[in-house]
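Values in this text are rule-based calculations from the coordinates and carry no lab data. Fair warning: this is a prediction, and the values are worked out from it, not measured in the lab. Heads up, the Cβs are rebuilt from the backbone with ideal geometry, glycines too, and the neighbour counts pull from every protein chain shown.
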Amino acid sequence: CWWELSNHSYSVFCQITMHIYTVMHLFTALYVPLSSAPTCVFLFFYLLFTRFWLISVLYSVWWFFDYDTPSRGGRRAPFLCGLKIWEYMRDYFPVKLVKTADLDPKHNYIMGFHPHGVLVAGAFTNFCVYATGFRQLFPGLTSYMLMLPLWFRCPFFRDYVMCAGQAQRRFKKNIPATYPLFKRGGNAVVIAVGGAPEALDAHPGTYNVLLANKKGFIKMAMEHGAHLVPVFSFGENEVFDQVKNQRGTWLRWIQERLQSIMGISLPLFHGRGIFQYSFGLMPYRRPINTVVGRPIRVERKEKPTVEELDALHQLYMDELSNLFDEHKGNYGVDKDTHLNFV
């Protein structure tokens, strides 16, 4: 009958649409490693030995004159940050940004992002591109995510990450990494406080936060009078499995040694494949819920004492613990589980 044929056609159409949607998700998940720093470095040197060698030469000249831009807050490209591709990346996991309090755009903020995870997918999707509604949730605020200087020494890749509003984390030629905080309100500097070492603890089901001795961002906040905002990303450690590397094992010793030399960590991780779910380098499709906590008011003090730093640091850890405990039940975390500060 004609209605049976119509139903069959509709079913086929739905299946085709679903397959296309899935392929787009897979593409965005593959986009991360394909656009990685090693790929860009290889491309730069490869072009030198082809008839397109002039591209790399001209880029080197541009790089020389543009060297300090990452220290000045980067070069965000709103058009690129708003591309549809980032919505597919958001929906792949999916990633969601959760607001718990208003942030007055008259002030500047330092957002401490925890945990680092392997991919830092929550930080990138929420604070670098416009996929999860940061501008709508926090009107008047512009976010800048800080990265290690190493990534800005990679040709092509540096421009890619700067277009997403990422900036250099350390000092260069008397230009501080906190350059956006010198502006008059409306800026939020996002720091993955645990950094590369914390990625080595990114095992599913674990809640280790490398924070006990991390006070540099606390001092930064006091020197600039920037309010502190704890941020916890539930699910960040769940998107990859990692080879067991407990502290004290030979593998962990090697990883920490390499991290101290290169500045980046090398977690031995794996996820799913493209057409199968047992093994591969693609992240698992597991939800990431990034919860932005209440701001901690910070008074500006150019030369804070050790006691003042310790007191604010302890307050920050308490607020982060409270944020985790208040919301963990919403995201499948056992009520008896608490953060472990390392």
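At 7 Å along Cα-to-Cβ for each site, give me the label-to-label distance between Ser260 and Trp53 in nm.
So the label points at Ser260 and Trp53 sit 4.2 nm apart.
For the chain, give the magnitude of the charge dipole about the Cα centre (Cβ charges: +1 Lys/Arg, -1 Asp/Glu; no others), in debye to the nearest 20.
On the way: 35 positive and 26 negative charges, 206 e Å.
The dipole of the chain has a size of about 980 debye.
Aspartates and glutamates near Lys214 by alpha-carbon distance under 13 Å, same-chain residues fewer than 8 away left out - which ones?
The qualifying aspartates and glutamates are Glu198, Asp310.
Of the listed values (1) 72; (2) 46; (3) 52, grab the one calculated as percent of Cα pairs over 28 Å apart from the structure here.
After the calculation, the listed value that fits is (2).
Enumerate the aspartates and glutamates that Lys303 could reach by cross-link, defined here as Cα to Cα under 20 Å, with residues fewer than 8 away along the same chain left out.
Glu223
I need the calculated FRET efficiency for the pair Asp318 and Phe45, taking r as the beta carbon distance and R₀ as 56 Å, to the nearest 0.05.
Efficiency, rounded to the nearest 0.05: 0.70.
Return the calculated 222 nm mean residue ellipticity for the chain, to the nearest 500 deg cm²/dmol, obtained by summing -39500 (n - 2.57) across DSSP H runs with n ≥ 4 and dividing by the residue count. Kindly include the intermediate steps, with their values, before the conclusion.
Working: 11 runs with 130 residues, N = 342.
So the calculated ellipticity at 222 nm is -11500 deg cm²/dmol.
Output the DSSP H helices from the chain with an along-axis C-alpha extent of no less than 20 Å and a mean Kyte-Doolittle hydropathy no less than 0.0.
Helices meeting the span and hydropathy rule in the chain are 2-34.
How far is the Cα center of the stretch 137-168 from the Cα center of the stretch 186-240, in Å?
Measuring centre to centre over Cα atoms gives 17 Å.
Glu308 to Lys183: FRET efficiency via 1/(1 + (r/R0)^6), r the Cβ-Cβ distance, R0 22 Å, to the nearest 0.05?
Working from the Cβ atoms, E equals 0.35.
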